[in-house]
Amino acid sequence: MTRVEKIGNLFGVSGPFAGFLLSIYLLWGSYVTTRDIVILVVGYFLTCLGISIGFHRLFTHRSYETYRPIRYTLALLGTLAVQGPVITWVADHRKHHNFSDQEGDPHSPHVGHGVGLRGALRGLWHAHVGWLWADQGHADREKYAKDLLADRGMVWLSKLFLPLVGVSLLIPFAIGWAWGGTLGAGVQALFWGGVMRIFLLHHVTWSVNSVCHFFGRRRFRVKDESRNVWWLAPFSLGEAWHHNHHAFPSSAFHGLKPWEIDISGLIIRGMHALGLVWKVVRISPELQARKLITEER
């Protein structure tokens, strides 16, 4: 990783965190309106969807196929989540699956961090954000994302990542200004619908890397330490059924039991019913049963 990339990651992590600290003061002083919350929630949902059904289930695991305009729309929405260019994101995640919780995993909390409480805390820190500054572990895009490198549209979107970060902040500002009618309304919307949206989605996504490989429940035979974390599932639109996902990576649906609410999976089902997606990968109950461990733990 270059020095410029490390500095960029530093600002990408610390900037929204500073905004979070400021938000505590602003909430205390009631500097938030229903308008700001609506812009935040809608923006969060759309960009989280870009990560979940776009970057993750479509581009990384090819869990379904869809039309080119939908592919690029999902790639754009995922890029506006400010988690890195689509090609880099996909390459790192594919490498994570190849070496899950083994040497070579970009963000395992279990490898090379020592033992005991100190080792656990170091591992969780690394899996959550520390890996963003690590010199080792990041994926070779030529090796892990060759298919996306062959797509000129994906290459173009990846190269435009930094300008699109600006767009990700400009959109809530413009909506807030138009809706509220004042520059101050635009600035407030920029803060809540831009900075705070990015902060919240960053840490929900990173929690899948850290929390979902350390805490939670598991019921399938897998070679890694992935876990299902029910309370994180609604905020991640179903991504926190992470153990299910590691058991069946190509599945378009991460919630495999009726009560495992998977909002992204429900949206994929709806898109399939409308003819917008096809070749949707489903895991049969029989295949699930063959991979069950004796006792869920």
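The values are calculated or read from the model by the stated rules, or taken from the named source; none is laboratory data. Predicted model only: the values in this text are computed from it and were never measured. Note that we place each Cβ from the backbone using ideal geometry, even for glycine, and neighbour counts take in every protein chain shown.
For the reader, a short list of remarks on this structure follows.
- Qualifying residue in segment 110-121 (condition: touching a Pro at 6+ places or on another chain (Cβ under 8 Å) and at pLDDT 95 or above): no
- Scanning segment 91-148 for residues that are aliphatic (A, V, I, L, M) and touching a residue at least 60 places away in the same chain (Cβ under 8 Å), we see that the one that is nearest to LYS159 (Cα to Cα) is LEU148.
- Considering segment 132-150, and only residues there that are assigned to a loop (DSSP other than H, G, I, E, B) and of a type outside the set (S, T, N, Q), the residue that is surrounded by the fewest Cβ atoms within 10 Å (Cβ to Cβ) turns out to be ASP135.
- Of all the listed residues (GLY153, GLY104, GLY166, GLY181), the sole one being modelled with pLDDT under 90 and surrounded by fewer than 21 Cβ atoms within 10 Å (Cβ to Cβ) is GLY104.
- Long-range neighbours under 7 Å by Cβ, at least six apart or interchain, first residue at pLDDT below 95 within segment 53-64, second buried (at least 24 other Cβ atoms within 10 Å of the Cβ) and part of a loop (DSSP other than H, G, I, E, B): none
- Residues of segment 111-127 satisfying the condition of being buried (at least 18 other Cβ atoms within 10 Å of the Cβ) and over 19 Å from ARG94 (Cβ atoms): HIS113, GLY123, LEU124, HIS126
- If you go through segment 224-253 and keep only what is within 14 Å of the chain's Cα centre (by Cα) and not charged (D, E, K, R), you end up with LEU232, ALA233, PRO234, PHE235, SER236, LEU237, GLY238, ALA240, TRP241, HIS242, HIS245.
- Pick from segment 250-271, criterion farther than 13 Å from ILE53 by Cα and touching a residue at least 24 places away in the same chain (Cβ under 8 Å), ranking: surrounded by the most Cβ atoms within 10 Å (Cβ to Cβ): LEU256
- Index of the failed condition, ILE87 passing every other in (1) at pLDDT below 90; (2) aliphatic (A, V, I, L, M); (3) under 24 Å from VAL165 (Cα atoms): (1)
- When residues of segment 58-79 are limited to those that are farther than 11 Å from MET154 by Cβ and among the hydroxyl-bearing types (Ser, Thr, Tyr), the one nearest to the chain's Cα centre (by Cα): THR60
- Residue that is closer than 30 Å to ALA273 by Cβ and touching a Ser or Thr at 6+ places or on another chain (Cβ under 7 Å), where the choices are LEU148, LEU77, LEU124: LEU77
- In segment 187-210, the residues that are free of Cβ contacts under 8 Å to residues at least 24 places away in the same chain and buried (at least 21 other Cβ atoms within 10 Å of the Cβ): LEU190
- Summed over segment 81-99, the residues that are in a loop (DSSP other than H, G, I, E, B) and surrounded by fewer than 21 Cβ atoms within 10 Å (Cβ to Cβ) give a count of 1.
- Residue in segment 201-210 that is part of a helix (DSSP H, G or I), touching a Lys or Arg at 6+ places or on another chain (Cβ under 8 Å) and more than 19 Å from GLY78 (Cβ to Cβ) present: no
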